[in-house]
1. When the residues of region 77-119 are narrowed to those that are acidic (Asp, Glu) and open to solvent by 30 Å² or more (accessible area, probe 1.4 Å), which ends up nearest to Ala60 (Cα to Cα)?
2. Name the pairs whose Cβ atoms lie under 9 Å apart, with the first residue in region 21-50 and over 22 Å from Ile69 (Cβ atoms), the second among the acidic types (Asp, Glu) and modelled with pLDDT of 95 or more, and 6 or more positions between them or separate chains?
3. Among the residues of region 170-177, is there at least one that is modelled with pLDDT of 90 or more and either open to solvent by 20 Å² or more (accessible area, probe 1.4 Å) or in contact with a helix residue (DSSP H, G or I) (Cβ under 9 Å, 6 or more places away or on another chain) (or both)?
4. Quick test of your reading of the structure: Arg53 fulfils all but one of (1) in contact (Cβ under 8 Å) with a residue 12 or more places away in the chain; (2) exposed (fewer than 14 other Cβ atoms within 10 Å of the Cβ); (3) over 17 Å from the mean Cα position of the chain (by Cα); (4) more than 23 Å from Gly140 (Cα to Cα). Name the failing condition by number.
5. Yes or no: Ala60 of a type in the set (A, V, I, L, M, F, W, C), out of contact with any Ser or Thr (no Cβ under 8 Å at 6 or more places or on another chain) and more than 23 Å from Asp155 (Cβ to Cβ)?
6. Quick one: is Lys4 modelled with pLDDT under 95, open to solvent by 30 Å² or more (accessible area, probe 1.4 Å) and in contact with a strand residue (DSSP E or B) (Cβ under 9 Å, 6 or more places away or on another chain)?
7. So which residues in region 139-152 are buried (at least 16 other Cβ atoms within 10 Å of the Cβ) and in contact (Cβ under 8 Å) with a residue 12 or more places away in the chain, if there are any at all?
Amino acid sequence: MNFKIIQLSDNICEKTRTQEFLFKQIKKEYGYGYVPEYHKDIINLNEYYINPRKNNLFLAKNPENDEIIATIAVRGYDKKFKEFEGLYNKEDTASIWRLYVDEKYRRLGLATKLFKMVESFSYANSYKEIYLHTHKNLNGGLNFWKKMGFETTVDTNNDLQTVHMIKKLPKFKLNNVQSGYNLAIESLTLF
């Protein structure tokens, strides 16, 4: 299957389609719609992903019909979890948001390719580590992130089954990280 990965632009139609895709995926995964305290980044895409230099939201599209089939976002760590106070910050720690793959396109390696894009972007923007939190009740989520090299820092065992994870980025220069990032923006093929 062919697909292309692009960075979200300031185009109003593209932003609207991205918001619709995200809310559709949230409804499927979690069973609810818009919740202001959880989704302010989706409503304010420019503020969270387009304007800040070290933030980004990537879209995977089906080039045949321009349908959005997956997303992933990265931004400087901006959560206020007590467990991580003073440990993570916006300049050194990237955080992953909004990884969703339409169910018709799962198990094709798309999430892995999107994460590798974020990893390269994070390295190119001088982040030292990548933070995320996931939930044990999301089908395959925890195992996927472990496969990507993340380690559990806190397993809350709360009602939401939240697990906090971190991945340290290498301190040495990776070969072709920047060129790999630029090339990945172009068309990709999944086998």
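The values are calculated or read from the model by the stated rules, or taken from the named source; none is laboratory data. What you are looking at is a predicted structure, and each value in this text was computed from that prediction instead of being measured. When we count neighbours, we look across all protein chains shown, and the Cβ atoms used for this are built from the backbone with ideal geometry, even at glycine. Remember, those area values only see protein heavy atoms, side chains included, never the ligands or the DNA or RNA. Shrake-Rupley method; radii C 1.70, N 1.55, O 1.52, S 1.80 Å.
1. Only one residue fits best here, namely Glu103.
2. Lys40/Glu47; Asn46/Asp10; Glu47/Asp41
3. no
4. Exception for Arg53: condition (3).
5. The answer is no for Ala60.
6. Spelling it out, Lys4 is indeed modelled with pLDDT under 95, open to solvent by 30 Å² or more (accessible area, probe 1.4 Å) and in contact with a strand residue (DSSP E or B) (Cβ under 9 Å, 6 or more places away or on another chain).
7. Within region 139-152, Leu142, Phe144, Trp145, Met148, Phe150 meet the criteria.
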